[in-house]
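Structure first, then comments.
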Amino acid sequence: MPPAKSQYTIDVHGFSQTERIILKSIFNLSARRAPKFVEFMPAVDSTMGSAPDVFLVDAEDASAIADFRQKNASNARPAILIGDTDHGIACTTTLSRPLQWTKLFKAFDLAVGINLPNQAPKLEPAIRITAPYEKTQPIIAISALRPSVSPITPPQISDTAAQKLASANHNLANNMASASPPDRPFNWVLVCDDNMTVREFMRIKLAPFGFNVDYAETGEQAVGLTGTKHYTCVFLDVVMPGINGYQVCKLIKSKKGAAKTAVVMLSSKDSTFDKIRGTMSGCDTYLTKPVNENRLLEVISKYLPTNA
């Protein structure tokens, strides 16, 4: 298997204008991750002799499928098809609509782990199988190997199992690399919500991008934290014990330097009046709970730029 790269290119075929906008945001956000995924630009990359690492194809667009078949006639590159069928094409992963960045990131990770078909992944020396491989979930452990101990040879497994194991190993490496993200300027995020489920949801959604994230359960805690640290973005629940989100937003915006802090209101109330209240309190945008993943993606892309 070729050595891992810091950046992979995705050749996109088909998709509506709206989905293209979503994909552009996904590629922008992938700059936060390791490895990065960027869109393949035929006019530039092809002239330099480069070929895409992965194809991303609209399975419901006949012309996109035809173009993809022509460019990947030998099935030398993995492909991700968005739709309800794989059209009998080998080396593909099929995802249903709507486009969700969390699923695409997982599919990208899986694809770059299996660039060569029918080849089991090579395990890094620090990763060993500690129990018989199970199809549903690979069991792996981290251990430092002594010089006298040789890595355990992985058992013979199917292509599908190999893909899953490659994905697990890759994700494990990413998690280790991002366990302690650097405290870069203007790269702190605050999530304030008294609901633990919402805080956990936000933790999972923000995790792939390496942001430094603080959490608060009350408005008072949020005000205290913003008084000691600069946050690029604050996700703020409206209804909380004590002072509410509107009051917290006004207090945050009244502080010096608050012009660089975006406040995103989170609320189960979606009436025009509630949104106007949020605007009057100084919030930058308003998200209705349960939070739509694509809307959250747009907010992260807008208020947490990749050059933060």
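Out of all the residues in region 68-87, is one or more among the charged types (D, E, K, R) and closer than 27 Å to Tyr303 by Cβ? Taking every residue of region 68-87 in turn, none turns out to be among the charged types (D, E, K, R) and closer than 27 Å to Tyr303 by Cβ.
One residue stands out in region 262-288 among those that are among the hydroxyl-bearing types (Ser, Thr, Tyr) and part of a helix (DSSP H, G or I): the one that is farthest from Asn244 (Cα to Cα), namely Thr272.
Within region 287-301, is there a residue that is over 30 Å from Lys106 (Cβ atoms), crowded, with 16+ Cβ neighbours inside 10 Å and in the same structural domain as Asp194 (by TED's automatic domain parsing)?
No, every residue in region 287-301 fails to be over 30 Å from Lys106 (Cβ atoms), crowded, with 16+ Cβ neighbours inside 10 Å and in the same structural domain as Asp194 (by TED's automatic domain parsing).
Among the residues of region 23-41, those that are of a type outside the set (Ser, Thr, Tyr) and part of a helix (DSSP H, G or I) comprise Leu23, Lys24, Ile26, Phe27, Asn28, Leu29, Ala31, Arg32. Note on region 251-270: residues that are modelled with pLDDT under 80 and out of contact with any His (no Cβ under 8 Å at 6 or more places or on another chain) amount to 4. Flag set for Phe105, criterion: part of a helix (DSSP H, G or I), surrounded by 16 or more Cβ atoms within 10 Å (Cβ to Cβ), at pLDDT below 90 and not basic (Lys, Arg). Inside region 83-101, residues that are closer than 18 Å to Tyr8 by Cβ and either assigned to a loop (DSSP other than H, G, I, E, B) or in contact (Cβ under 8 Å) with a residue 40 or more places away in the chain (or both) make up a count of 2. For Glu220, the conditions (1) at pLDDT below 90; (2) farther than 23 Å from Lys106 by Cα all hold with the exception of (1).
Has region 235-250 got at least one residue that is modelled with pLDDT of 90 or more, under 19 Å from the mean Cα position of the chain (by Cα), assigned by TED's automatic domain parsing to the domain that holds Tyr215 and not hydroxyl-bearing (Ser, Thr, Tyr)? Yes.
Would you mind stating whether Ser267 is of a type outside the set (D, E, K, R) and surrounded by fewer than 13 Cβ atoms within 10 Å (Cβ to Cβ)? In short, no.
Give the residue, chosen from Arg20, Arg77, that is touching a strand residue (DSSP E or B) at 6+ places or on another chain (Cβ under 9 Å), in a loop (DSSP other than H, G, I, E, B) and at negative phi.
Values: Arg20 fails: in a loop (DSSP other than H, G, I, E, B).
None of the other options fit; the residue is Arg77.
The values are calculated or read from the model by the stated rules, or taken from the named source; none is laboratory data. Please read all numbers here as calculations on a predicted model, not as lab measurements. Virtual Cβ from ideal backbone geometry, glycine too; neighbours counted across all protein chains shown.
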